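Enquirer: Mind having a look at this structure? Questions to follow.
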Amino acid sequence: MSTIILGIESSCDDTSAAVIRDGVIMSNVIASQAVHEAFGGVVPELASRAHQQNIIPVVSEAIKRAGIAKEELNAIAFTRGPGLLGSLLVGTSFAKGLATSLNIPMVDVNHLQAHVLAHFIKESEDDNDQPSFPFLCLLVSGGNSQIILVKAYNDMEVIGQTIDDAAGEAFDKCAKVMGMPYPGGPIVDRLAKEGNPKAFVLSKPHIAGYNYSFSGLKTSFLYLLRDNLKENPDFIEKNKADLCASLQATVVSILMDKLYRAARDLGIKEVAVAGGVSANSGVRGAFEDYSKRYGWKIHLPKFAFTTDNAAMVAITGYYKFLDKQFCPVSEVPFARVEL
Ligand code: KG4
């Protein structure tokens, strides 16, 4: 008998629902919220209101595209945290209502674990390109920069993480001071392709262990602009591609340096990347490069699974379901929760 899981994701500004049957994706519907663009970042209150509007059509569409009846679902997996509390409440409450009405169990999902397990979403039954345990996963997004030792589907250990800003935040904040809209990461990535990564030297942190820090880089980027703008008011406009290329090269080098050390120290050659920043061409290029240089077996997520999506919630729900890890209907969401 097959196992069919509905996943619901509402941790930030994407309302998403997906259906997975025995690990194979059947549908993945995402409604993004354009309402935040005018504000230069996600506005929590607007995000939860948009989730309320989107949740019913998004879930209905996911079930319809999967070609199943909702009565065929075996469980509902939902993102419990971390994320924006108001946003999480919408997905959690909806999951409770639907699970109660169908009389099926609920599975609470940690958003960070879901990003890692996105690597196990199968596109078809004969898709066997998943990582083998143990492997390292670099989780890089707008809110996180972590190195995770993945021992099993439901056994992960964070061995390094940022002590201040996340990598995506560094991209977005530096892009903002260059006058770019939010989120600036993908724009920096696009412009970096035409620039010289060695044009400007930016500061790199000296932090113990496998931890990261990006606040110094952000300050050094800000000072570089401030000092040059005094002499040349067109400095940003004239050097945009070089600034983006130098910024991207520095972020990538900071990320890869610690990841390489962790892989070397633990003797692990199977390495994955996950989260929004894993879409970055510099990060992907560095993974390819390290694979050739150090014999790493690398796992780059499909672009559809780099940003927030419910397929990753459904696959995590699937593996927790197999482990019989259910949660009571009284479960509440958490804005901050560790892996
Ligand atoms: O995982 P994600 O979708 O959600 C949050 O953590 O909110 O990650 C979003 C982050 C943003 O900071 C965005 O700028 C960054 O991922 N991002 C990128 C690229 N695509 C998305 N950063 C650099 N290059 C990209 N191509």
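Enquirer: Just to be sure I understand: with springs between alpha-carbon atoms less than 10 Å apart, which residue in GLY295, GLY317, GLY185 has the highest mean-square fluctuation in the Gaussian network model of the chain?
Expert: Of GLY295, GLY317, GLY185, the Gaussian network model singles out GLY295 as fluctuating most.
Enquirer: Restricting to bridges with both residues inside the chain, how much of the DSSP beta-bridge set is antiparallel, in percent to the nearest 5? Provide the component values of the computation, followed by the final result.
Expert: Values: 27 of 45 bridges.
So the antiparallel bridges amount to about 60 percent of the total.
Enquirer: Shifting gears a bit: If the chain between ARG264 and LYS176 were fully stretched, how many nm would it gain, using 0.36 nm times the residue separation less the Cα-Cα distance?
Expert: On the way: separation 88, 0.36 × 88 = 31.68 nm, distance 3.57 nm.
Full-extension gain reported as 28.1 nm.
Enquirer: What's the angle, to the nearest 10 degrees (0 to 90), between helix 215-231's Cα axis and the longest principal axis of the chain?
Expert: 40 degrees
Enquirer: Put +1 on the Cβ of each Lys and Arg and -1 on the Cβ of each Asp and Glu in the range 94-206; which of LEU98, GLN113, PRO181 then has its Cα farthest toward the positive end of the dipole?
Expert: PRO181
Enquirer: Could I ask something else about it? Roll a 1.4 Å probe over the protein chains and send me the accessible area per residue for the range 135-303 in Å².
Expert: Values: 7520 Å² over 169 residues.
Per-residue accessible area for the range 135-303 comes out at 44 Å².
Enquirer: Under a 10 Å cutoff between Cα atoms, tell me which one of ALA208, ALA47, ALA118 has the largest fluctuation in the Gaussian network model of the chain.
Expert: Of ALA208, ALA47, ALA118, the most mobile in the Gaussian network model is ALA208.
Enquirer: Ratio of alpha-carbon Rg to the 2.2 N^0.38 Å globular estimate for the chain, to two decimals, please. Spell out each step's value before the answer.
Expert: Values: Rg = 20.4 Å, N = 339, 2.2 N^0.38 = 20.1 Å.
Output field value: 1.01.
Enquirer: Now for a different question. Any idea what angle helix 311-322 forms with the longest principal axis of the chain, computed on alpha-carbon atoms, 0 to 90 degrees, nearest 10?
Expert: 50 degrees
Enquirer: A follow-up question, please. Summing +1 for each Lys or Arg and -1 for each Asp or Glu, what net charge is found among the other residues whose Cβ lies under 10 Å from the Cβ of PHE334?
Expert: Details: positive: ARG80, ARG336; negative: ASP108, GLU331, GLU338.
Combined, the nearby Lys, Arg, Asp and Glu give -1.
Enquirer: Tell me, what is the percent relative contact order of the chain, built from C-alpha pairs under 8 Å that lie six or more residues apart? Please report the intermediate quantities before stating the final value.
Expert: On the way: 720 pairs, mean separation 85.4, N = 339.
Here the relative contact order equals 25 percent.
Enquirer: What's the extension gain from GLU61 to SER281 if we count 0.36 nm per residue and subtract their Cα-Cα distance?
Expert: Working: separation 220, 0.36 × 220 = 79.20 nm, distance 3.18 nm.
Between GLU61 and SER281, full extension yields 76.0 nm more.
Enquirer: Something else: Take every DSSP beta bridge whose two residues both sit in the range 135-303, then give the antiparallel share in percent to the nearest 5. Don't skip to the end; give the middle numbers.
Expert: Numbers: 12 of 20 bridges.
DSSP beta bridges in the range 135-303 are roughly 60 percent antiparallel.
Enquirer: Of the listed pairs LYS218/LYS320; LYS297/LYS320; LYS70/LYS324; LYS151/LYS292; LYS70/LYS297, which have alpha-carbon separations greater than 28 Å here?
Expert: On the way: LYS218/LYS320 39 Å; LYS297/LYS320 26 Å; LYS70/LYS324 21 Å; LYS151/LYS292 24 Å; LYS70/LYS297 39 Å.
Check vs 28 Å cut-off fails for LYS218/LYS320; LYS70/LYS297.
Enquirer: Continuing with this model, one more query. Given a Förster radius of 45 Å and the C-beta distance between SER124 and VAL35 as r, what FRET efficiency does 1/(1 + (r/R0)^6) yield to the nearest 0.05? Write out the running numbers ahead of the final one.
Expert: On the way: r = 36 Å, r/R0 = 0.79.
Plugging the Cβ-Cβ distance into 1/(1 + (r/R0)^6) gives 0.80.
Enquirer: Report the extension gain between SER291 and LYS324 in nm, rounded to one decimal, defined as 0.36 nm multiplied by the number of residues separating them, less their alpha carbon distance. Don't skip to the end; give the middle numbers.
Expert: Values: separation 33, 0.36 × 33 = 11.88 nm, distance 3.64 nm.
This chain segment gains 8.2 nm when fully extended.
Enquirer: In deg cm²/dmol, rounded to 500, what helix-only [θ] at 222 nm does the chain give when every DSSP H run of at least 4 residues adds -39500 (n - 2.57) and the total is split over its residues? Present the calculation step by step, with values, prior to reporting the outcome.
Expert: Working: 9 runs with 142 residues, N = 339.
The helix contribution divided over the chain gives -14000 deg cm²/dmol.
Enquirer: Which one of LEU224, LEU136, LEU117 has the biggest mean-square fluctuation once the chain is modelled by GNM with Cα springs under 10 Å?
Expert: LEU224
Enquirer: Any chance you could give the angle, 0 to 90 degrees and rounded to 10, that helix 167-177 forms with the longest Cα principal axis of the chain?
Expert: Helix 167-177 sits roughly 50 degrees off the main axis of the chain.
Enquirer: How many angstrom lie between the Cα centre of the range 159-192 and the Cα centre of the range 216-281?
Expert: Here the answer is 9 Å between Cα centres.
Enquirer: Using the structure shown, list the pairs from LYS173/LYS193; LYS193/LYS230; LYS198/LYS240 with a Cα-Cα distance above 21 Å, or answer none.
Expert: Going by Cα-Cα distance, LYS193/LYS230 fall outside the 21 Å limit.
Enquirer: What order, most packed first, do the peptides 37-43, 269-275, 198-204 have when packing is the mean number of other Cβ atoms within 10 Å of each residue? List each step's numbers first, then the result.
Expert: On the way: 37-43: 13.3, 269-275: 23.3, 198-204: 15.0.
Highest-to-lowest ranking by the protection proxy: 269-275, 198-204, 37-43.
The values are calculated or read from the model by the stated rules, or taken from the named source; none is laboratory data. Values in this document were obtained by computation on a predicted structure and should not be read as measured data. Cβ sites come from the backbone with ideal geometry, for glycine too, and all protein chains shown count toward neighbours. All accessible areas refer to the heavy atoms of the entire protein, side chains included, with ligands and DNA or RNA removed. Shrake-Rupley method; radii C 1.70, N 1.55, O 1.52, S 1.80 Å.
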